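Notes to accompany the following structure.
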Amino acid sequence: MANAQKTAIITGASGGIGAGLVEAFLEKGYNVVATSLNVTQSLTASPNLVLVDGDIGKQETAAKAVEAAIKHFGTIDALVNNAGILRTKPFTDFTTEDFNALVSTNLLGFFYITQLTVKQMLKKKSGNVVSITAALADQAHPRRKCFGFDDDEGRLEYADPEPRNRVRKRRYPLQRRSPWCCGHAIA
């Protein structure tokens, strides 16, 4: 191990939650490998921050990020899977390219980077993997202003509260309304 500092890899690091995570990990004294399509355009490399441009849906990008962590810092202690895309058009309007982009980034990207990172973590017998699935909280939807679980009946509720727009879901006590969409607090 190159040093005693911990190292984190953060995907989807060029903006939003990812950029905030990069900043927070650096403030906590971590070394960080940040990756996204154009991360070098939004962040500036430093001795504790390595930037890897590329599509996380391609195996080469995941390999570059893991190799950069090992080469520069000697270890990987945490992986934050934050990269993800959302298409807000109706399902019936999806093209094959739309579907392939979703699968590539949201599924294959997760698979490639997590598999390579966990292999390194198993060698040292420690590490943590966090996956953020907040795509809906970050993205505006043209017809729906708010979503969350109805307090009384445990049904998914949209801005239009009419029963035809409710979808029956299992009740998860901590998942209530999203605090990002219109200010509702999580109960």
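No lab work stands behind these numbers, since they all come straight from the coordinates. As the structure is a prediction and not an experimental result, all values here were calculated from the model. Quick reminder, even Gly has a Cβ in these numbers, built from the backbone with ideal geometry, and neighbours come from all protein chains shown.
Table for the structure above
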read-out	value
FRET efficiency, Glu67 to Ala101 (Cβ-Cβ, R0 30 Å, nearest 0.05)	0.75
Other-chain or far-sequence residues with amide H under 5 Å of Leu37's (modelled H)	Gly54
Out-of-range pairs (alpha-carbon distance over 24 Å; input Lys64/Lys89; Lys58/Lys124; Lys6/Lys64; Lys28/Lys58; Lys6/Lys119)	Lys64/Lys89; Lys58/Lys124; Lys28/Lys58
